[in-house]
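The values are calculated or read from the model by the stated rules, or taken from the named source; none is laboratory data. The shown structure was predicted, so the numbers you read here are calculated from the model rather than taken from an experiment. Here Cβ is always computed from backbone atoms with ideal geometry, including for glycine, and neighbour counts include all displayed protein chains. Accessible surface areas use protein heavy atoms only, side chains included; no ligands, DNA or RNA. Shrake-Rupley method; radii C 1.70, N 1.55, O 1.52, S 1.80 Å.
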Amino acid sequence: MIDIQNLSKIYRSTGIETIALNQFNFQVRVGEFVAIMGPSGCGKSTLLHIIGLLDTFDKGDYYFNEQQMNDLDEKTRGTIRKKQIGFIFQNFNLIDELTVFENIELPLIYNKVGKKKRVSKVNQLLKDLDIEHRKKHFPQQLSGGQQQRVAVARALVTEPQLILADEPTGNLDSKNGNEVMELLADLHRQGSTIIMVTHSNYDAGFATRIIEVKDGQIMAERKNKREIRIIDK
Amino acid sequence: MYPLINLIGLTAGMTCFLITMLFVSREIKHDNWNPNKKDIHIFLAHMESRTTYPACPAILIKHFAKYENAVLDYMLMRHHGFNLIANDKETVYGHGVKVTPNFFSFFPFPMKYGDPTTALTDTTQLVISTMIADSLFGQQNPIGKKVILSNQKEHVISGVFNRHDSPSHIKYDILIPMVEPADTNWGNFNYRAYLHIAKETDPVQLAACLKQHHVSVGSAVMEKTMERFAELFSFSFELRPLEEVYLYCNENRNFNVVLILSILSIIILCISAINFINLSIANASLRAKEVAVRKTLGGSKRAIIVQFLLEVSIICLIALCIALSLTELILPHFVKLWETRLSVWEIFEQLPIVMTMLILLLLVAGFLPAIYLSNFKPMEVLKGKFVRSKRGHLLQKGNILFQFTLSSVFIISALVIRAQLNYMYTKDTGFTKDQLMMIPVTDLEQVESKRNKYKQFFKEKDYITETSSIRWAPGTGLGHSSISHTHYGEKKLDSDIHFVDQHFFPILDIPIKYGRNFVLADTLYDECYSDVIVNQTLVDKFDMKDPVGQTIELWGGTRIIVGVVPDFYKHGFEHKIQPTVFAISNKEAAVIFLKLTGGDIANKVKEIKAFWTQEIEIGVPFYHRFMEEDYAKLFERHERLHIMILALSIIMIVLSLLGLVAIAIHTIRQRYQEIAIRKAIGASDYELLHTLLKEFVIISLIALFLSFPIAYYFCSWWLGGFAYHIQMPLVPYLIASITVLSLVLFIAWFQARKALHIDIVRFLKFE
Ligand SMILES: Nc1ncnc2c1ncn2[C@@H]1O[C@H](COP(=O)(O)OP(=O)(O)OP(=O)(O)O)[C@@H](O)[C@H]1O
Ligand SMILES: [Mg+2]
């Protein structure tokens, strides 16, 4: 599904060059749950942003579903984002002026889904994620865990092929964090492809594959035992 | 960029304020300098169905003053028209008035030369204004010099007064002494009277006494019963103090103008100050990082405020300087427009107001943003998050709402006024004015004695098709006419009386509807034939079935209606067409009408001028006018209002656009994170624009919605001042809507466009 070859990303600001990604090679197949780990500043978020077409890169190739992503215009990138990719951020990134319901509904509006279908879909998700009673609230009125669940709902609502999560539990306590991880694991079980950046070994334990990044390059890669055990069954 | 926008807005507001303040203070100064402004009263006569005239019979005041000690002194004045005044070198024109010798004790204008107590005691004397003196004698002292007035009488200059620095409703430049008013008729209301009344006298009671006196003595003198006399002169009298005359008793409605202008200029100044604050705050958020860093480095709150105030004061001072020079630039045009005299230096007379304004502006415009700025939480700012207060947001929205409401009201008003003006220019006035040359008669004696000569000359010239000599010219200030009671059986009307000759109707293309025109031989002199022609309004008001051949009573005599003419708009469109009686006379013509044909008018006028000055009015300067131009002058006052409102709407729009720029930058910047989120989710450019522009569209729609009733109310009020006016047009409302909406959309779109290209990743990282 994702094929990244020799990809480099360099930040240039006032004479200082920072190589965020250096000749990066990375592949993800459909249905995988990949966890990316590594020290702070090693380029994890940068990688995720590039995969999610939120950011551009300087050298190398990036194929998404066999399609080259190198020189797409902003409009096509936007179309791919809204149709095929869902994002979950560490800081939730919900829109404060919209209610929970409207926040979740938004990607459907951009995907030109009809009103009736939107309402039923959002309501279903709200029920599944157990935040239905909060649907008229604004994000600021929710706890961190609830906010992140809304963010997850927003990422899922369009049923994207790929879910990108950047430290989804970073701002949550362990209980709330665990709940969100359970949600992601469920999604994976239902067949979604997930790429998640995390600092927590525990969270990484939910993934099928873990890669270690350092200084913009992959240091190590290992299959998750737990997953192997699932396959063994 | 910011300081520049800020400067422009502030300068525009200040300039507006300075000019109107100068104008308003000049208007208010009228007669206010007069030490007796509360005790001197003008005599006003209200006619039943009509406007008010400052007129009374001279004999009434003279007679009355003998009996009453409530009146300390009185002064009489009689309009003397447009006069020529000449010495051996120069000839100039000026408005003249005959005044009693005590004129200067009522109106103590400063004298440049001469003694005010003796300057008007002899009928051979003459007092002129500095303006006339300058053009006749230059810098010389003209006292004792001889001049000829209106080609008739020699006068000796006895005084020069300066009326420019002492504005007054008295706008005459030539004062002709009138030792004893000649007219002793109790029914002739042709003098203007000023009464200096004792402090304890009640002007209302005094006016009532005057009325009673007029009826009781007047009826006896004129040998009529009191009832009959009261019916003949059914005016009510009023005495108004001098301090109110200019602002309230003037048909130009000076007070309304002063009020409207002051309110508008204050609003504009306030708006420019509010915009200034908004822009400063918007600017401040851009500089928030700088401030935050300085704060973390230990800069005190006070130091930050002081620095900010300093910056604001500099901008304010620069704006004031530019505004002063702009005022000096614009003032001449403004002065021309309002026919007033102002100089930018008069601002220094108003120094307290200017200073108060500046300090207020500084305080408000400097302190608010400074406090806002110094209250930033440094850590939040450094992290990139600004204080987002809902209340501040609402205030900003209310502010642009207000500004665009005003802009829309201005646009609509300017357009409605324009529409009414166009209506008046294009509406058929009922008579033809083009190529109608008018020669005002100055030296009546010469003109009358050479009648056959000029008639012959006019006949010979084939470019002159028709001529008429009349005492009154419609739609112009030329000539004179009167208003009298007209009786038809039991019915009674006040009607206009005009003396015209038999050529009057043909030359103006006014058809005789029923009956016939006057008949009179050109060589004969006569007046007061019993034949009269009346207009349709008179026929309608009297409800005459078959008007031709009927008789009406006028001035105690019986007149036969020989013809009826359709109504025509002789005074423009403000006043209703009045019942009118045309009587015939070719004597004492005030104006000679000449209908010219063909092109090259300039040369024809030259030829006529040569003939007239060499053969008819010898030695009299020739000044001619064209009726079309004179008639257009009737609309001048409305043109002025139109120009003012137009100028204000442009300033208003510029100001509100500046305000909008500030607010758009500010609000859109505050939404960068939201935009980044929406973009990440996949919003297209179009969808983003929609989100960003929605609130601006809503605000402008509300502004328009609010402006409609206000504009409608104002425009109806203004249109109501015209007896003949257009239906309230809808197009101005449409144009205002389109203008406001498209301007708002354009500005907001311009700012929103930038937001489409933000770096998503950067703004997603916001905490
Ligand atoms: N806009 C930018 N300009 C300059 N350098 C940047 C920019 N964004 C990221 N970097 C640099 O690129 C490198 C990679 O950053 P990135 O955000 O991908 O790290 P990360 O692995 O996500 O770290 P963390 O675990 O702390 O989130 C860092 O050294 C960072 O300083
Ligand atoms: Mg990161």
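Return a yes/no flag: does region B:188-195 have any residue that is of a type outside the set (S, T, N, Q) and either open to solvent by 30 Å² or more (accessible area, probe 1.4 Å) or at positive phi (or both).
Quick first cut of region B:188-195, residues of a type outside the set (S, T, N, Q) only: B:189, B:191-195.
So of that shortlist, the ones also either open to solvent by 30 Å² or more (accessible area, probe 1.4 Å) or at positive phi (or both) come out as B:189, B:192.
Within region B:188-195 (the criterion being of a type outside the set (S, T, N, Q) and either open to solvent by 30 Å² or more (accessible area, probe 1.4 Å) or at positive phi (or both)), the answer is yes, since at least one residue qualifies.
Report yes if some residue within region B:673-684 is over 22 Å from A:ASN93 (Cα atoms), open to solvent by less than 10 Å² (accessible area, probe 1.4 Å) and either in contact with a strand residue (DSSP E or B) (Cβ under 6 Å, 6 or more places away or on another chain) or more than 14 Å from chain A (Cβ to nearest Cβ) (or both); otherwise report no. Quick ask: steps written out before the conclusion?
Residues of region B:673-684 over 22 Å from A:ASN93 (Cα atoms): none.
No, because not a single residue in region B:673-684 is over 22 Å from A:ASN93 (Cα atoms), open to solvent by less than 10 Å² (accessible area, probe 1.4 Å) and either in contact with a strand residue (DSSP E or B) (Cβ under 6 Å, 6 or more places away or on another chain) or more than 14 Å from chain A (Cβ to nearest Cβ) (or both).
Of the residues that make up region A:133-152, is at least one in contact with a Lys or Arg (Cβ under 8 Å, 6 or more places away or on another chain), touching a residue at least 40 places away in the same chain (Cβ under 8 Å) and within 16 Å of ligand 2 (Cβ to nearest atom)? So far as region A:133-152 goes, no, none of its residues is in contact with a Lys or Arg (Cβ under 8 Å, 6 or more places away or on another chain), touching a residue at least 40 places away in the same chain (Cβ under 8 Å) and within 16 Å of ligand 2 (Cβ to nearest atom).
Within region B:716-724, identify whether any single residue is hydrophobic (A, V, I, L, M, F, W, C), in contact with a strand residue (DSSP E or B) (Cβ under 7 Å, 6 or more places away or on another chain), surrounded by fewer than 18 Cβ atoms within 10 Å (Cβ to Cβ) and more than 10 Å from every other protein chain (Cβ to nearest Cβ), and answer yes or no. Spell out how you get there, then give the answer.
Step one: list which residues in region B:716-724 are hydrophobic (A, V, I, L, M, F, W, C), which gives B:717-719, B:722-723.
So of that shortlist, the ones also in contact with a strand residue (DSSP E or B) (Cβ under 7 Å, 6 or more places away or on another chain) come out as B:722-723.
Checking the rest, the ones that are also surrounded by fewer than 18 Cβ atoms within 10 Å (Cβ to Cβ) come to B:722-723.
Cutting the leftovers down to more than 10 Å from every other protein chain (Cβ to nearest Cβ) gives us B:722-723.
For region B:716-724, residues hydrophobic (A, V, I, L, M, F, W, C), in contact with a strand residue (DSSP E or B) (Cβ under 7 Å, 6 or more places away or on another chain), surrounded by fewer than 18 Cβ atoms within 10 Å (Cβ to Cβ) and more than 10 Å from every other protein chain (Cβ to nearest Cβ): present.
Output the residues belonging to region B:377-400 that are at pLDDT 70 or above, buried (at least 18 other Cβ atoms within 10 Å of the Cβ) and either of a type in the set (A, V, I, L, M) or at positive phi (or both). Across region B:377-400, the qualifying residue is only B:ILE400. Restricting B:ALA58, B:ALA86 to those that are small (Gly, Ala, Ser), open to solvent by less than 60 Å² (accessible area, probe 1.4 Å) and either modelled with pLDDT of 85 or more or closer than 23 Å to B:ALA182 by Cα (or both) reduces the list to B:ALA58. Scanning region A:89-122 for residues that are closer than 19 Å to A:LEU187 by Cβ and more than 12 Å from chain B (Cβ to nearest Cβ) returns A:LYS121, A:VAL122.
Taking (1) open to solvent by 80 Å² or more (accessible area, probe 1.4 Å); (2) away from chain A (no Cβ under 14 Å); (3) in contact (Cβ under 8 Å) with a residue 24 or more places away in the chain in turn, B:GLN727 satisfies each apart from (3). For region B:152-161, the criterion of a residue being closer than 30 Å to B:ILE61 by Cα and under 29 Å from the mean Cα position of the chain (by Cα) is satisfied by at least one position.
I want to confirm something. Restricting to region B:730-767 and keeping residues that are within 30 Å of A:ILE51 (Cβ to Cβ) and more than 14 Å from chain A (Cβ to nearest Cβ), which single residue is modelled with the highest pLDDT? For region B:730-767, the residue satisfying everything is B:ALA752.
Among the conditions (1) touching a Phe, Trp or Tyr at 6+ places or on another chain (Cβ under 6 Å); (2) within 16 Å of ligand 1 (Cβ to nearest atom), B:LEU764 misses just one, which is (1).
Among the candidates A:ASP71, A:ASP61, A:ASP55, the residue that is of a type outside the set (Gly, Ala, Ser) and in a strand (DSSP E or B) is uniquely A:ASP61.
Can you confirm whether region A:188-199 contains a residue that is outside any helix (DSSP H, G or I), more than 16 Å from ligand 2 (Cβ to nearest atom) and more than 24 Å from A:ARG29 (Cα to Cα)? Within region A:188-199, none of the residues are outside any helix (DSSP H, G or I), more than 16 Å from ligand 2 (Cβ to nearest atom) and more than 24 Å from A:ARG29 (Cα to Cα).
Could you say whether any residue in region B:39-49 is at pLDDT below 85, touching a Pro at 6+ places or on another chain (Cβ under 7 Å) and open to solvent by less than 20 Å² (accessible area, probe 1.4 Å)? Within region B:39-49, not a single residue is at pLDDT below 85, touching a Pro at 6+ places or on another chain (Cβ under 7 Å) and open to solvent by less than 20 Å² (accessible area, probe 1.4 Å). One residue stands out in region A:1-44 among those that are outside any strand (DSSP E or B), more than 7 Å from ligand 1 (Cβ to nearest atom) and small (Gly, Ala, Ser): the one that is nearest to A:ILE194 (Cα to Cα), namely A:GLY31.
When A:LYS175 is tested against (1) part of a strand (DSSP E or B); (2) open to solvent by 10 Å² or more (accessible area, probe 1.4 Å), only condition (1) is not met.
Among the residues that make up region B:27-45, is at least one of them on the phi > 0 side of the Ramachandran plot, not in a strand (DSSP E or B) and not basic (Lys, Arg)? Working first, answer last.
Step one: list which residues in region B:27-45 are on the phi > 0 side of the Ramachandran plot, which gives B:31.
Subset that is not in a strand (DSSP E or B): B:31.
Checking which are not basic (Lys, Arg) leaves us with B:31.
Yes, some residue in region B:27-45 is on the phi > 0 side of the Ramachandran plot, not in a strand (DSSP E or B) and not basic (Lys, Arg).
Could you list, in sequence order, the residues of region B:402-430 that are part of a loop (DSSP other than H, G, I, E, B) and touching a helix residue (DSSP H, G or I) at 6+ places or on another chain (Cβ under 9 Å)? Spell out how you get there, then give the answer.
First pass over region B:402-430, keeping only residues part of a loop (DSSP other than H, G, I, E, B): B:427-430.
Once the filter is applied, which keeps residues that are part of a loop (DSSP other than H, G, I, E, B) and touching a helix residue (DSSP H, G or I) at 6+ places or on another chain (Cβ under 9 Å), region B:402-430 yields only B:THR429.
Checking region B:700-709 against the condition returns no match, with no residue being away from chain A (no Cβ under 14 Å), open to solvent by 30 Å² or more (accessible area, probe 1.4 Å) and closer than 17 Å to B:ARG418 by Cβ. At least 2 residues being at pLDDT 90 or above and within 18 Å of the chain's Cα centre (by Cα) is the threshold, and among the helices (runs of 4 or more DSSP H) wholly inside region A:98-171 those reaching it are A:100-110, A:144-156. Checking each residue of region A:48-56 against the condition of being away from ligand 2 (no atom under 16 Å from the Cβ), under 20 Å from the mean Cα position of the chain (by Cα) and at pLDDT 90 or above gives at least one match. Hey, does region B:699-719 have a residue that's within 30 Å of A:GLU74 (Cβ to Cβ), assigned to a helix (DSSP H, G or I) and not aromatic (Phe, Trp, Tyr)? Yes, region B:699-719 has at least one match.
To keep it simple, each residue is scored yes or no on (1) of a type outside the set (Ser, Thr, Tyr); (2) at pLDDT 80 or above; (3) part of a strand (DSSP E or B).
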residue	(1), (2), (3)
B:ILE560	yes, yes, yes
B:GLY563	yes, yes, yes
B:ALA589	yes, no, no
B:ILE592	yes, yes, yes
B:GLY599	yes, no, no
B:VAL605	yes, yes, no
B:PHE611	yes, yes, no
B:GLU615	yes, no, no
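Residues in region A:20-44 that are open to solvent by 10 Å² or more (accessible area, probe 1.4 Å) and away from ligand 2 (no atom under 16 Å from the Cβ): 8 in all.
Yes or no, residue by residue, for (1) in contact (Cβ under 8 Å) with a residue 12 or more places away in the chain; (2) farther than 25 Å from A:LEU172 by Cβ; (3) among the aliphatic types (A, V, I, L, M):
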| site | (1), (2), (3) |
| --- | --- |
| A:LYS75 | no, yes, no |
| A:THR79 | no, yes, no |
| A:GLN84 | yes, yes, no |
| A:GLU102 | no, no, no |
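The number of residues in region A:45-88 that are surrounded by 15 or more Cβ atoms within 10 Å (Cβ to Cβ), more than 13 Å from chain B (Cβ to nearest Cβ) and either of a type in the set (Phe, Trp, Tyr) or within 13 Å of ligand 1 (Cβ to nearest atom) (or both) comes to 3.
Close Cβ contacts (under 7 Å, 6 or more residues apart or on different chains) running from residues in region B:586-602 that are open to solvent by less than 50 Å² (accessible area, probe 1.4 Å) to residues that are hydrophobic (A, V, I, L, M, F, W, C) and part of a loop (DSSP other than H, G, I, E, B) comprise B:ASN586/B:LEU520; B:ALA589/B:VAL441; B:ALA590/B:VAL441; B:ALA590/B:LEU478; B:VAL591/B:VAL441; B:VAL591/B:ALA473; B:VAL591/B:LEU478; B:ILE592/B:VAL441.
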